[in-house]
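Just so it is clear, none of the values below were taken in a lab; they were calculated from the coordinates. Remember, it's a predicted structure, so these values are computed and weren't measured experimentally. Counting neighbours? That spans all protein chains shown, and the Cβs are built from the backbone with ideal geometry, glycine included.
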Amino acid sequence: MKKAVILLSGGLDSATILALAKQQGYVCHALSFNYGQRNGAELNAARHIAEHARVAAHKLVHIGLDSFGGSALTDTNIAVPSQLAPGIPVTYVPARNTVFLSFALGWAEVLGAADIFIGVNAVDYSGYPDCRPEFIRAFENLAGLATKAGVEGQDFKIHTPLIDLSKADIIRLGLGLGVDYVHTVSCYAADDRGRACGVCDACRLRKTGFEAAGVADPTRYA
């Protein structure tokens, strides 16, 4: 059976790609990060999702992106915005997906896996540059150049099954796979109990996604 590394944040998108990878027959190894984000609620959600999905392994890696700051998600001096602004938003975390994929690539090489799943989205993606198809293609090229396995002929595949889907489409896909979204946390400013603020960009996208999908929103709001 094929092994895959799944980047699991505890949010709606990552729960969906984990369910999809399992449905496709992959032996799933989930990878989550405490990167200095504002709260630990999403990590609690990731633990619950990984346990419920009975993944082969779930690793939580600690990296200190908050030591650099530069994002509303890692610097408490920068407020989480309640309205969209032009350009790349302050919730962008510098180099986050590059770092995450690098760790995933390292673990995949150790496991002898060629497949990595990440829930990036280029439709409802808030303007993040590291959620674009161009970035994913560039990282796949890097994986072939920067690893022993790649030099010896292994082709690494970064799976982005949600990249062209709307949030409503993602929700419909996940529900069809049996995902229980009540256990996911997407909010940028969730409280310690995992309750969403209801006003940040992530909450807005999630809320409108459920509305467009014609499904009751199971999100717990503060």
* Asked: Quick check: anything in segment 185-205 out of contact with any strand residue (DSSP E or B) (no Cβ under 7 Å at 6 or more places or on another chain), closer than 25 Å to residue 73 by Cα, buried (at least 18 other Cβ atoms within 10 Å of the Cβ) and charged (D, E, K, R)?
  -> yes
* **Criterion: of a type in the set (Gly, Ala, Ser), within 19 Å of residue 182 (Cα to Cα) and in contact with a Cys (Cβ under 8 Å, 6 or more places away or on another chain) - qualifying residue of 15, 21, 53** => 53
* When you go through (1) out of contact with any Asp or Glu (no Cβ under 9 Å at 6 or more places or on another chain); (2) not in a helix (DSSP H, G or I); (3) not basic (Lys, Arg) one by one for residue 171, which number turns out not to apply? -> (2)
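Results for (1) within 22 Å of residue 106 (Cα to Cα); (2) among the β-branched types (Val, Ile, Thr); (3) crowded, with 21+ Cβ neighbours inside 10 Å, shown as yes or no for each residue.
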| site | (1), (2), (3) |
| --- | --- |
| 9 | yes, no, yes |
| 12 | no, no, yes |
| 17 | yes, yes, yes |
| 34 | yes, no, no |
| 38 | no, no, no |
| 48 | no, no, no |
| 56 | yes, no, no |
| 64 | yes, no, no |
* Asked: Given the structure, is residue 4 of a type in the set (A, V, I, L, M, F, W, C), under 23 Å from residue 180 (Cβ atoms) and in a helix (DSSP H, G or I)?
  -> no
